[in-house]
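Only one structure is covered here, and it is reproduced in the block below.
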């Protein structure tokens, strides 16, 4: 009994001491061709796993995998491609969902999507009107990861091919193309942003205009120079 209590105390202390016992990273990336990728990483601090091994709660590599899968609540990620995730600090699972074209998951109706309640695979994620894509997401940590003694690193990142037209992001990076929301454990957060591929077309058009102007300017300068040279020869 004393050993069990001791082991339990060690685990609780480890949860508290670890900078972030669990990492929960969500990233949506939309490229210039409209490809949509939703990536989720849920992983445990390796210090926690090492403590569990020392206390004989985890004994083999298979037990580590079982512990991770038993404690990561991932039903809302059904339909995502799942693989093991590991780096210098964390070990867990990575999930990926891809759609070739964002139009395949867009609608003209107003929609609100709760990202971590039910699987989003095959559902509409955006409202599209007049070439503008609008996202109205709710990220709710109350149901999935409400552990009192666990410190979470929760982030939601959106990478766009152009500067967002608007958003309620906590951080705006990469000239407005990268949006980041920080979510505290047990909280819910609205995630809203808008963008348009027309921005890309406009940038390309402006680029062509500038190139055309430069070519014309060079052509005019060459003509003027030749005219002066001919006038000097005549004189």
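Residues that are out of contact with any strand residue (DSSP E or B) (no Cβ under 8 Å at 6 or more places or on another chain), at pLDDT 70 or above and surrounded by 16 or more Cβ atoms within 10 Å (Cβ to Cβ) within region 11-46 comprise just one, 34.
Checked against the criterion of being in a strand (DSSP E or B), under 22 Å from residue 113 (Cα atoms), assigned by TED's automatic domain parsing to the domain that holds residue 36 and at pLDDT 95 or above, region 145-156 contains one or more residues that satisfy it.
Conditions (1) in the same structural domain as residue 65 (by TED's automatic domain parsing); (2) farther than 24 Å from residue 67 by Cα; (3) modelled with pLDDT of 95 or more, marked per residue:
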site	(1), (2), (3)
94	yes, no, yes
98	yes, yes, yes
101	yes, yes, yes
111	yes, yes, no
119	yes, no, no
125	yes, yes, yes
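When you check residue 81 against the structure, is it under 15 Å from the mean Cα position of the chain (by Cα) and under 30 Å from residue 53 (Cα atoms), yes or no? Criteria not met by residue 81. Out of all the residues in region 85-93, is one or more within 17 Å of the chain's Cα centre (by Cα) and within 20 Å of residue 155 (Cα to Cα)? Yes, because at least one residue in region 85-93 is within 17 Å of the chain's Cα centre (by Cα) and within 20 Å of residue 155 (Cα to Cα). Going by the structure shown, is residue 62 surrounded by fewer than 15 Cβ atoms within 10 Å (Cβ to Cβ) and either touching a strand residue (DSSP E or B) at 6+ places or on another chain (Cβ under 7 Å) or part of a loop (DSSP other than H, G, I, E, B) (or both)? Considered against the rule, which asks whether it is surrounded by fewer than 15 Cβ atoms within 10 Å (Cβ to Cβ) and either touching a strand residue (DSSP E or B) at 6+ places or on another chain (Cβ under 7 Å) or part of a loop (DSSP other than H, G, I, E, B) (or both), residue 62 comes out as no.
Within region 43-66, can one find any residue that is under 28 Å from residue 124 (Cα atoms), in the same structural domain as residue 164 (by TED's automatic domain parsing) and in contact (Cβ under 8 Å) with a residue 12 or more places away in the chain? Within region 43-66 (the criterion being under 28 Å from residue 124 (Cα atoms), in the same structural domain as residue 164 (by TED's automatic domain parsing) and in contact (Cβ under 8 Å) with a residue 12 or more places away in the chain), the answer is yes, since at least one residue qualifies. For region 157-180, the set of residues classified as in a strand (DSSP E or B) and touching a helix residue (DSSP H, G or I) at 6+ places or on another chain (Cβ under 7 Å) is empty.
The values are calculated or read from the model by the stated rules, or taken from the named source; none is laboratory data. Please read these numbers as outputs of a predicted model, since none were measured by experiment. Virtual Cβ from ideal backbone geometry, glycine too; neighbours counted across all protein chains shown.
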